[in-house]
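Student: Encoded as structure tokens, here's the structure I'll be asking about.
The values are calculated or read from the model by the stated rules, or taken from the named source; none is laboratory data. Since the structure is predicted, the reported quantities are computational estimates derived from the model, not experimental observations. For neighbour counting, all protein chains shown are included, and Cβ atoms are generated from backbone atoms with ideal geometry for every residue, glycine included.
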Amino acid sequence: MTEQTALASGPDLPQQRNLVTEIPGPASRALAQRRQRSVARGVSSVLPVFVRAAGGGVLVDVDGNSLIDFGSGIAVVSVGNSAPRVVEGVTEQVARFTHTCFMVAPYEGYLEVCEELARRTPGDHDKRSILVNSGAEAVENAVKIARYATGRPAIVAFDHAYHGRTNLTMALTAKNMPYKDRFGPFASDVYRVPMAYPLRWPGGPERCAAEALDVVTGLIHTQVGEQNVAAVIIEPIQGEGGFIVPPPGFLAGLAEFCHSHGIVLIADEIQSGFCRTGDWFACEHEGVVPDLVTTAKGIAGGLPLAGVTGRTELMDAVHVGGLGGTYGGNPVACAAALGAIATMEEENLAGRARRIGELMLPRLNALAQKYPVIGEVRGRGAMLAVELVEPGGLNPNPAAAGKVAVACHAAGLVVLTCGTFGNVLRFLPPLVIPEHLLDEGLTILEEAFAGL
Ligand SMILES: *Cc1c(COP(=O)(O)O)cnc(C)c1O
């Protein structure tokens, strides 16, 4: 461990990959043993190492290994870990006051975050917001608001959807293992429809948008009844379900259908939002304006904060006192969000996300040319993935995805997997990652594929 690594923190960490022990090293292994005696088994971790510091594009573990970060703590630290404006805002706020409860004694930071949400989310209509603590809580509140405003019970969600792990959001989430198995019974009045998934659409990718729209609207009509549907909830690019990008026209068609039947369209932008895909929000790419938007993950540089933002007539339908929570919009988290949003604006992180996509896509496409185990390269901006299949067909290949991920981890590159079939490698680097680390990370990935 160099003197510099020992002292530096956050963005001042040396921006380099540096392995000084095997992965995991002895200090991480000792903590892993200790963990088993106090942490519930149900909580799992992707990496075998424990973190001591992180910033820019690296994580430094307790043995002094410096790893390249292509995960951003699941699309959270888009501005980098301990980003200067976040640290500054948090430090100042934490010394002034840490909590009053907005429902008891309000403060300006909450207002400022809601103002930013109104300004940044798609559409220039009048908007209101509520702040909460987690993505799942935002989704829960969006559903409450949609049901209240419409007076209707049904919620429509998609195959491969991920909306969280609370009881209602488990019902909305598609995948059984590990999210739902034996955790039921689940909330009622949730209906699932097929996702426009070009790679796996039976009629082929060209027909996917139109056919999927027909199937979805047909199922809503015959099995639920449009007049019973409070909301359709969709991730504009699906996250945990496999970074599935719906084909052009699908989201717009869905928005049009919802609009014509008085159904609230909820865009779950928790993973795709805040510059990740090269726009402030992924919906913008198609000019789609949802009625409600849920945000979390990238919003606050790593502090827990989430929000629901939407049309004033929907948001303000709810009676006074009908929404809230003890910690929602905590002042320290709000200060972090304001620092993170200012960083995104000042450092043009939407542009950085597009640039990351431009640098990564040619390399990923070249890999796909070389290795038939890659069935598809997809995503947008700095939300990219490769889906692994059994060569010659489309059968999911989770074993290969797992092998590549483990090889990357051992070589000092943090990558995550996802997908209903566990066969997708996803790449979510911090938007501030230096380009030489992006380059080196891709080289490690290429070596991992070569070693399959
Ligand atoms: C992560 C995620 C959630 C849940 O957020 P939590 O903060 O983990 O509760 C919901 N929707 C999407 C699209 C997500 O990626």
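Student: For the stretch 318-325, does any single residue satisfy the condition of being crowded, with 20+ Cβ neighbours inside 10 Å and assigned by TED's automatic domain parsing to the domain that holds residue 250?
Tutor: Among the residues of the stretch 318-325, not one is crowded, with 20+ Cβ neighbours inside 10 Å and assigned by TED's automatic domain parsing to the domain that holds residue 250, which makes the answer no.
Student: Working only within the stretch 53-101, note down all residues that are in contact with a Leu (Cβ under 9 Å, 6 or more places away or on another chain) and among the basic types (Lys, Arg).
Tutor: Result: 85, single match.
Student: Here are some conditions: (1) more than 16 Å from the ligand (Cβ to nearest atom); (2) outside the structural domain of residue 312 (by TED's automatic domain parsing); (3) at positive phi; (4) small (Gly, Ala, Ser). Residue 72 meets all but one. Which one does it not meet?
Tutor: Of the numbered conditions (1) more than 16 Å from the ligand (Cβ to nearest atom); (2) outside the structural domain of residue 312 (by TED's automatic domain parsing); (3) at positive phi; (4) small (Gly, Ala, Ser), the odd one out for residue 72 is (1).
Student: Still on this model: Please indicate, with yes or no, whether at least one residue in the stretch 308-317 is within 15 Å of the ligand (Cβ to nearest atom), crowded, with 21+ Cβ neighbours inside 10 Å and at pLDDT 95 or above.
Tutor: Among the residues of the stretch 308-317, at least one is within 15 Å of the ligand (Cβ to nearest atom), crowded, with 21+ Cβ neighbours inside 10 Å and at pLDDT 95 or above, which makes the answer yes.
Student: Cβ-Cβ distance below 8 Å, separation of 6 or more or different chains: which pairs start in the stretch 124-149 with a residue that is over 19 Å from residue 234 (Cα atoms) and end on one that is within 8 Å of the ligand (Cβ to nearest atom)?
Tutor: Matching pairs, first to second residue: 131/306; 132/138; 132/306; 133/304; 133/306.
Student: I've got another one for you. Look through 345, 390, 376 and report the one residue that is farther than 30 Å from residue 63 by Cα, surrounded by fewer than 16 Cβ atoms within 10 Å (Cβ to Cβ) and either of a type in the set (Val, Ile, Thr) or within 22 Å of the chain's Cα centre (by Cα) (or both).
Tutor: None of the other options fit; the residue is 345.
Student: Additional query: Output the residues belonging to the stretch 97-114 that are without any contact (Cβ under 8 Å) to a residue 12 or more places away in the chain and outside any loop (DSSP other than H, G, I, E, B).
Tutor: Matches in the stretch 97-114: 108, 111.
Student: Any chance the stretch 298-305 includes a residue that's over 23 Å from residue 71 (Cβ atoms), assigned to a loop (DSSP other than H, G, I, E, B) and at pLDDT 95 or above?
Tutor: No, there is no match, as no residue in the stretch 298-305 is over 23 Å from residue 71 (Cβ atoms), assigned to a loop (DSSP other than H, G, I, E, B) and at pLDDT 95 or above.
Student: What number goes with the only condition from (1) in contact (Cβ under 8 Å) with a residue 12 or more places away in the chain; (2) surrounded by fewer than 17 Cβ atoms within 10 Å (Cβ to Cβ); (3) β-branched (Val, Ile, Thr) that residue 417 does not pass?
Tutor: Tallying (1) in contact (Cβ under 8 Å) with a residue 12 or more places away in the chain; (2) surrounded by fewer than 17 Cβ atoms within 10 Å (Cβ to Cβ); (3) β-branched (Val, Ile, Thr), residue 417 fails exactly one: (2).
Student: For the stretch 42-59, enumerate the residues that are under 15 Å from residue 409 (Cβ atoms) and crowded, with 19+ Cβ neighbours inside 10 Å.
Tutor: Passing the criteria: 49, 50, 58, 59.
Student: If you scan the stretch 162-210, which residues turn out to be among the hydrophobic types (A, V, I, L, M, F, W, C) and not in a loop (DSSP other than H, G, I, E, B)?
Tutor: Result: 168, 170, 171, 172, 190, 193, 199, 208, 209, 210.
Student: Okay, moving on. Of everything in the stretch 135-170 that's of a type in the set (Ser, Thr, Tyr) and surrounded by fewer than 21 Cβ atoms within 10 Å (Cβ to Cβ), which residue is nearest to residue 226 (Cα to Cα)?
Tutor: Checking each candidate, the answer is 150.
Student: Here's a check for you: in the stretch 115-134, which residue that is in a strand (DSSP E or B) and not hydrophobic (A, V, I, L, M, F, W, C) is surrounded by the most Cβ atoms within 10 Å (Cβ to Cβ)?
Tutor: So the residue we want is 129.
Student: While we're on this one: Show the residue pairs that are 6+ apart or on different chains and have beta-carbon atoms under 7 Å apart, the first residue being within the stretch 229-255 and more than 9 Å from the ligand (Cβ to nearest atom) and at pLDDT 95 or above, the second being outside any strand (DSSP E or B) and acidic (Asp, Glu).
Tutor: Going by the 7 Å Cβ cut-off, the qualifying pairs are 236/269; 248/286; 251/286; 252/286.
Student: Hey, any hits in the stretch 141-153 for a residue that's within 11 Å of the ligand (Cβ to nearest atom) and not in a loop (DSSP other than H, G, I, E, B)?
Tutor: yes
Student: Hey, does the stretch 427-436 have a residue that's in contact (Cβ under 8 Å) with a residue 12 or more places away in the chain, out of contact with any strand residue (DSSP E or B) (no Cβ under 8 Å at 6 or more places or on another chain) and either within 23 Å of residue 240 (Cα to Cα) or assigned by TED's automatic domain parsing to the domain that holds residue 240 (or both)?
Tutor: Checking the stretch 427-436: at least one residue is in contact (Cβ under 8 Å) with a residue 12 or more places away in the chain, out of contact with any strand residue (DSSP E or B) (no Cβ under 8 Å at 6 or more places or on another chain) and either within 23 Å of residue 240 (Cα to Cα) or assigned by TED's automatic domain parsing to the domain that holds residue 240 (or both).
Student: Looking at the stretch 170-198, I want the residues that are polar (S, T, N, Q) and have a partner that is in a helix (DSSP H, G or I) with Cβ atoms under 9 Å, at least 6 apart or on another chain. Which pairs are those?
Tutor: Correct list of pairs: 188/171.
Student: Could you say which residue among 368, 401, 410 is assigned by TED's automatic domain parsing to the domain that holds residue 15, in contact with a Ser or Thr (Cβ under 7 Å, 6 or more places away or on another chain) and more than 28 Å from residue 343 (Cβ to Cβ)?
Tutor: 401
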